[in-house]
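Below: one structure, written as structure tokens.
What follows draws every value from the coordinates through simple rules; no lab data is involved. The model shown is predicted, which means the values in this text are computed figures rather than measured ones. Note: ideal-geometry Cβ built from the backbone for every residue, glycine included; neighbour counts use all protein chains shown.
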């Protein structure tokens, strides 16, 4: 492989916040200013033109690559001009708002895809994102805020970042900024205060962002330790047995069905596997002879779930089995699975009498394994 | 649902917090702490920049203590703020509490928080000076490094080899009205300490060590934020928010492999910085042999840092679910049922009944 001739990939730095207005962009631009003073070649590849005044002031002294104007339904929209950034070829490019969806007619649908192109060209990218845009946290964010966030960034995009920086501010300070009109226009403020910016929402999102940042920092330590000769005693948590190597590796199995709750199950399983540094497999069992024999509606849902699992870098398998629960448990034993993740499914009395509920049957059959019945946490009582 | 154990005694943290909350409510004084994982993250700058903004907005701000070494940017900020000089003693420079109290500003900056006062001072530690300012209605902005939090001192020492005699109790941090973590990547932190700048990410041993401290500081801040969230939720009587903080409940039943569950619960608690609870469910008419087992399990759960309780009920599943709801449990750990009694055959496998009843809570079933 002609690896030595390839341009080394650019590294990615992510400024992680918990809401609009915490100061991600401001912090990124302040760091950019410092980098320019150190003599680095830095450009502003994309910067939100409707930014706050103090942020705009920070941006003014930096070299900006002109945005691309794209017309859509009679209006002009600003998008990052990735080609222009590539031609300029700076050492470091700032790209605001990683989760942004490009306007139809752009070269790529998502800004994070534009960022991949810059990274592939060897450009270091600094970018900003809020915790609610991380794919695997989508359900949790919805439970906390009641708001379904549509613009998400796949976890692997965040994971490839060489560095994550938590941009923290107290909810009180954030609310002050909001009330002073520093984040949204006055007519938007009241709406924001009763919606996303409710006091308890902010606290919960902030905690989530801090824990996520700690988790990302932890993953980078493990990655470093694996490639370096020394072992630092881990004090931030107990990894009893894990580093010693005498404990067999954990293996998480996620049971896929056509049920919509599967998406939530995949995210949860992935997160637990990440925390345990475990292998992760997703399994679908079809009772029909061939996968293609499934009713179209069911097949489409299952395919969607399998694709989603693969997008979170989970290995997927489909097998044939007449008794789903039995097939799952046997697969688990064959593949040295240590934990099975199944969704909680409602049971009717009829199902119970005839032992037709596969969640319950898996629990019944897998006496030698750990089975986690994952609840839909949006149920409130 | 009768309980054998006593009512939980309020922790000193909670009491301190209550007292401070009541007092500061009367006066409107707030304690805001800027936490950093190491020197050079930029705590002083962030804090003094806030002091500057408050001053510009018309608040009456003074500076009661400053760091020995200051960067140029910090010196620039200090030039525009009123300084109340510390006392000069042969043993050091304690905060001049009396002068600040008679000057009676709205806001006072104390940088840093962790300091031992010279013998004969009005308070042995500077954090006690800060409490006095708060009691007198003065809002305090102050900074602290992870090394100086008593409960983290040993851990930091194990990583960096640095030691200190000047610490503040973690409970003081937990009782703060506001906490902000000042987070920068380790390479920049080292660069500010005068090292050469390296490539982005963890690229050497020193960065790796700092990164460990950084993780600890982020998790500590998350813990403080969670405590604040809980009191906010209680004060405003709103529905608890699920899913931010993991709370594990271990159900210990006779003949279950409780020790394995406790071990896993302990690991999970540490991994997720969550909370651990253990309940032992007694059914009426339990044997003496079981009592010995109960004690062994309860002790093990206590030892793992869990809060334990004994529940007595002729309907153990309902008792467990009620307890879980009350404590906002997110995951219940239980052992697979082994023996099928006539009762189980009639009412159904207890584990399956628990799964059905515990809607909204994960149930993790352990092998025997």
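Neighbour counts of C-beta atoms inside 10 Å place B:127, A:142 in the sequence A:142, B:127, starting with the fewest.
Need one value for B:205-217: mean number of C-beta atoms belonging to other chains within 10 Å of its residues' C-beta atoms. Could you put the intermediate results ahead of the total?
Numbers: counts 5, 0, 3, 7, 2, 0, 8, 8, 3, 8, 12, 5, 5.
The per-residue average across the peptide is 5.
Counting, for every residue in A:167-173, the Cβ atoms of other protein chains within 10 Å of its Cβ and taking the mean gives 6.
Using a Gaussian network model of chain A in which every pair of alpha carbons under 10 angstrom is joined by a spring, one finds that among A:95, A:14, A:189 the greatest mean-square fluctuation is at A:189. Shown for A:112, A:156: other C-beta atoms within 10 Å of each C-beta, ranked fewest to most, produce the order A:156, A:112.
Using a 7 Å offset from Cα along Cα-Cβ at residue B:75, what residues in the stretch B:29-52 end up with backbone N under 16 Å from the label point? Only B:45 fall inside the zone, counting backbone N under 16 Å.
Using the Cβ-Cβ distance between residue A:319 and residue A:88 with R0 set to 60 Å, the FRET efficiency from 1/(1 + (r/R0)^6) comes to roughly 0.70. Modelled label positions at residue A:176 and residue A:57, each set 7 Å beyond Cα in the direction of Cβ, lie 1.6 nm from each other. Which angle between 0 and 90 degrees, to the nearest 10, do you get for helix A:24-37 versus the longest principal axis of chain A when only C-alpha atoms count? Tilt relative to chain A: about 50 degrees.
Determine, from the Cβ-Cβ distance of residue B:151 and residue B:307 and an R0 of 25 Å, the FRET efficiency 1/(1 + (r/R0)^6), rounded to the nearest 0.05. Don't skip to the end; give the middle numbers.
Working: r = 18 Å, r/R0 = 0.74.
That pair, residue B:151 with residue B:307, gives E of 0.85.
For the stretch A:305-349, the Cα-based Rg and Dmax, in that order, read 12.6, 38 Å. Mean sequence separation of contacting Cα pairs (under 8 Å, at least six apart), scaled by the length of the stretch A:125-182, corresponds to a relative contact order of 25 percent. Using 0.36 nm per residue and subtracting the Cα-Cα separation, the extra length available between residue A:335 and residue A:37 on full extension is 101.8 nm.
What's the average, rounded to a whole number, of partner chain beta-carbon atoms within 10 Å of each residue's beta-carbon in A:337-344?
So the per-residue partner count for this stretch is 2.
Based on alpha carbons, the Rg and Dmax found for the stretch A:121-208 are 14.7, 44 Å.
Which residues does a label at residue B:170 reach in the stretch B:118-138, if reach means a backbone N under 20 Å from a point 7 Å past the Cα toward the Cβ? In the stretch B:118-138, the label zone of residue B:170 (backbone N under 20 Å from the point 7 Å along Cα→Cβ) covers B:127-128.
With respect to chain A, whose longest principal axis is taken over its alpha-carbon atoms, helix A:296-311 is tilted by about 60°. What FRET efficiency would be calculated for the residue pair residue A:310, residue A:120, taking the C-beta separation as r and a Förster radius of 30 Å, to the nearest 0.05? Step by step, r from the Cβ atoms, then E = 0.90. In this simple spin-label approximation, residue B:83 and residue A:113 carry label points 7 Å from Cα along the Cα→Cβ vector, and these lie 5.7 nm apart. At q = 0.17 Å⁻¹, what log₁₀ I(q)/I(0) does a Debye calculation on the Cα points of the stretch B:103-250 give, no solvent, two decimals? Once normalised to I(0) and log-transformed, intensities are -1.12. Per q in 0.14, 0.15, 0.16, 0.30 1/Å, what log10 I(q)/I(0) does a Debye calculation on the alpha-carbon atoms of the stretch B:30-93 return? Each listed q maps to, in turn, -0.46, -0.53, -0.60, -1.40.
Among A:164, A:103, A:141, the largest mean-square fluctuation in a Gaussian network model of chain A, built with springs joining Cα atoms closer than 10 Å, belongs to A:103. Three principal axis extents of the stretch A:26-176 based on alpha-carbon atoms, in descending order, are 43, 37, 32 Å. Summary value for the stretch A:76-192: 19 percent relative contact order, contacts being C-alpha pairs under 8 angstrom separated by 6+ residues.
Listing B:54, A:270 from the residue with the fewest other Cβ atoms within 10 Å to the one with the most, what is the order? Don't skip to the answer; put the middle values down first.
Working: B:54 18, A:270 22.
With the sparsest Cβ surroundings first, the list reads B:54, A:270.
With the convex hull drawn around the C-alpha atoms of the stretch B:138-191, the volume per residue stands at 109 Å³.
Spin-label model, residue B:104 to residue A:222: label points 7 Å out along the Cα-to-beta-carbon direction sit 5.7 nm apart. Just so you know, the averaged projected area of the alpha carbon convex hull for chain A sits at 24.9 nm².
From the Kirkwood radius over Cα pairs of the stretch B:80-165, Stokes-Einstein at 4 °C and 1.567 mPa s returns a whole-number translational diffusion coefficient of 92 µm²/s.
In percent, what relative contact order does chain A have, based on Cα pairs under 8 Å that are 6 or more apart in sequence? Mind dumping the intermediate values first?
Values: 570 pairs, mean separation 55.9, N = 381.
Over chain A, the number comes to 15 percent.
Using alpha-carbon positions, what is the distance between the centroids of the stretch A:100-125 and the stretch B:147-170, in Å? Here the answer is 44 Å between Cα centres.
Tell me the Kirkwood radius of the protein assembly as shown: reciprocal of the mean inverse pair distance over distinct alpha-carbon atoms, in Å. Let's see the in-between values first.
On the way: mean 1/r = 0.0353 Å⁻¹.
One over the average 1/r among Cα pairs gives 28.3 Å for the protein assembly as shown.
The helix-only estimate of mean residue ellipticity at 222 nm for chain A, built from DSSP H runs of length n ≥ 4 each weighted as -39500 (n - 2.57), is -12500 deg cm²/dmol after division by the residue total.
Its residues counted as N, the stretch A:252-309 yields a C-alpha radius of gyration over 2.2 N^0.38 Å of 1.18. Can you tell me what percent of all Cα-Cα pairs in the stretch B:43-190 are more than 26 Å apart? So the portion of pairs separated by more than 26 Å is 25 percent.
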